[in-house]
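The values are calculated or read from the model by the stated rules, or taken from the named source; none is laboratory data. Since this is a predicted model, take the numbers as computed values, not measurements. Virtual Cβ from ideal backbone geometry, glycine too; neighbours counted across all protein chains shown.
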Amino acid sequence: MDVCVVGAGPAGMMAAISAAENGNRVTLIEQNEKPGKKLFLTGKGRCNITNACPVEELFDNVVTNSKFLYGAFYRFDNAATVEFFNSLGLPTKIERGGRVFPQSDHSSDVIKVLIKRLESSHVSMRFNTKAVKIVIEHGPDGKDKISGVFVKENNKESLIHTEKLILATGGKSYPLTGSDGSMFDILASIGVKANKCEPSLVPLSCQSMEITAMQGLSLKNVNLSAFVDNSLKYSGFGEMLFTHFGISGPLVLSASSYLKEDDYRRGIKAVIDLKPALTIEDLDARILRDFDKNKNKNFENSLGKLLPSKMITAVIKKTGIDPLKKVNSITKQEREILCRTLKNYEITVNGNRGFNEAIITRGGIDVKNINPSTMESKKIKGLFFAGEMIDVDAQTGGFNLQIAWSTGFVSGRSCKEE
Ligand SMILES: Cc1cc2nc3c(=O)[nH]c(=O)nc-3n(C[C@H](O)[C@H](O)[C@H](O)COP(=O)(O)OP(=O)(O)OC[C@H]3O[C@@H](n4cnc5c(N)ncnc54)[C@H](O)[C@@H]3O)c2cc1C
């Protein structure tokens with residue numbers, strides 16, 4: 001039967017291949033001039049295809065609606081993803097944290113093998129073609145069903161008749177890659193509502209001179225916690241970065257997954273433990289040893305071994321201790337303040353960098369309206385969803401692409417004659 005897939009990102013390409021393997025005649029529609037524009041950017045151009053963790057751990061890394069993905073992940077898991085790409089002639093390798101990359105380190109190679117597979121599966125690909133309207137009709141059972149999709153190509157609209165329509169149009173992040181969220185409006189016009197879309201895995205902004213002065217500084221092996229009204233929203237260990245606008249890096253992106261729009265309005269306090277391996281007592285002993293070696297130095301010149309140079313001024317300012325005070329006259333109480341500052345370096349977060357810089361979108365089509373075993377809409381027969389447009393999102397590490405492969409595979413496989 002005829003299947004139309006809209007969106008040639010990872011989810012759409014996988015859905016088209018899967019539907020074609022199922023014996024369907026498949027048309028893949030993409031508004032860009034080529035497929036996989038966002039996929040090309042993934043993993044800093046190297047494409048972190050998936051994660052080699054045990055399958056159960058996939059769910060631990062999904063932040064929103066992990067249970068919905070149960071069927072999809074078990075039907076097409078991370079091992080199946082690796083096997084799929086290897087079978088297409090793309091060797092892969094596993095790096096730190098189980099991240100799987102193409103051996104060539106080129107995301108373009110991932111796109112190349114997908115295109116080759118689409119061609120060999122006789123998928124008809126139409127680029128520079130945008131889906132602009134979905135046509136539904138009432139079936140004899142009184143249920144709405146898909147009857148076609150209007151597409152615009154060279155300013156001309158035409159109707160593609162199809163009973164099976166797979167939408168894989170992505171979220172709203174990095175809109176220049178094509179994921180502009182316009183499909184959510186089209187869906188709303190036929191009564192399919194999406195949950196509010198928000199940027200996630202996104203750098204955070206902080207309006208403070210102290211942060212700007214530290215730009216370029218990267219902190220490794222620190223603990224970052226995020227609080228809203230004194231309630232803990234996130235805590236994690238790893239690496240972060242100070243930038244001209246605020247904070248970024250893996251830890252910060254992870255933290256953003258747990259921060260909602262309302263949290264930004266209420267105010268977010270980020271707290272860095274600069275010495276997570278040391279207790280306050282251990283840290284005090286360490287500082288005492290450093291002070292002992294620098295007895296006659298000014299306080300500001302005694303912290304070189306303890307802190308990166310770009311942080312010294314900011315930390316001293318927070319302690320309120322005179323930077324010119326001689327180390328041998330620093331009191332026990334002042335040392336205590338220094339220890340507490342190093343274990344709880346506070347930053348006020350004012351917002352995030354928005355969809356333009358967000359790796360993914362949180363929100364999208366409500367999973368309550370999708371059958372998790374088939375990805376078919378519960379309201380409209382023949383309408384399927386795949387990838388980031390569904391209200392699921394995950395941490396970095398290859399998990400978001402795994403969502404695209406798994407949901408794409410299941411939606412394609414579910415398109416068959418009844
Ligand atoms: C910089 C960056 C790096 C990333 N790195 C990784 C990584 O290494 N590993 C990982 O797991 N995840 C990564 N991600 C996330 C991952 O890229 C996305 O989760 C994934 O691309 C989502 O796939 P998708 O197919 O659902 O949507 P998309 O990739 O967004 O594709 C949607 C496609 O639909 C098309 N489209 C939209 N509307 C229409 C329409 N009306 N008509 C026709 N076509 C339409 C768009 O042009 C687009 O090509 C990264 C994201 C970014 C931005």
query: Does the stretch 35-64 hold any residues that are over 14 Å from residue 106 (Cα atoms), assigned to a helix (DSSP H, G or I) and in contact (Cβ under 8 Å) with a residue 60 or more places away in the chain, and which are they?
result: 58
- prompt: Does any residue of the stretch 260-269 turn out to be in contact (Cβ under 8 Å) with a residue 12 or more places away in the chain, buried (at least 16 other Cβ atoms within 10 Å of the Cβ) and assigned to a helix (DSSP H, G or I)?
  reply: yes
- prompt: Does residue 82 meet the test of being surrounded by 13 or more Cβ atoms within 10 Å (Cβ to Cβ), in contact with a strand residue (DSSP E or B) (Cβ under 6 Å, 6 or more places away or on another chain), at pLDDT 95 or above and not in a loop (DSSP other than H, G, I, E, B)?
  reply: yes
- line: Scanning the stretch 85-118 for residues that are surrounded by fewer than 18 Cβ atoms within 10 Å (Cβ to Cβ), within 22 Å of the chain's Cα centre (by Cα) and without any contact (Cβ under 8 Å) to a residue 40 or more places away in the chain gives 93, 95, 96
Given (1) more than 25 Å from residue 363 (Cα to Cα); (2) away from the ligand (no atom under 13 Å from the Cβ), number of the condition residue 33 does not satisfy: (2)
message: Regarding the stretch 360-374, can at least one residue be identified that is in contact (Cβ under 8 Å) with a residue 60 or more places away in the chain, within 11 Å of the ligand (Cβ to nearest atom), outside any strand (DSSP E or B) and touching a strand residue (DSSP E or B) at 6+ places or on another chain (Cβ under 7 Å)?
response: no
- request: Count, please, the residues in the stretch 341-359 that happen to be crowded, with 17+ Cβ neighbours inside 10 Å, in contact with a strand residue (DSSP E or B) (Cβ under 7 Å, 6 or more places away or on another chain) and of a type in the set (Val, Ile, Thr).
  value: 2
field: Count of the stretch 28-37 residues which are crowded, with 21+ Cβ neighbours inside 10 Å and over 18 Å from residue 88 (Cβ atoms)
entry: 3
task: Would you check if there is a residue in the stretch 205-215 being loosely packed, with under 13 Cβ neighbours inside 10 Å, among the charged types (D, E, K, R) and farther than 30 Å from residue 415 by Cα?
output: no
message: I'd like the residue in the stretch 135-179 that is of a type in the set (Val, Ile, Thr) and more than 10 Å from the ligand (Cβ to nearest atom) and, out of all such residues, is surrounded by the fewest Cβ atoms within 10 Å (Cβ to Cβ).
response: 135
query: How about the stretch 170-203: which of its residues are among the hydroxyl-bearing types (Ser, Thr, Tyr) and in contact with a helix residue (DSSP H, G or I) (Cβ under 7 Å, 6 or more places away or on another chain)?
result: 174, 177, 179, 200
- line: For residue 329, the lone unmet condition from (1) farther than 30 Å from residue 249 by Cβ; (2) modelled with pLDDT of 95 or more is (2)
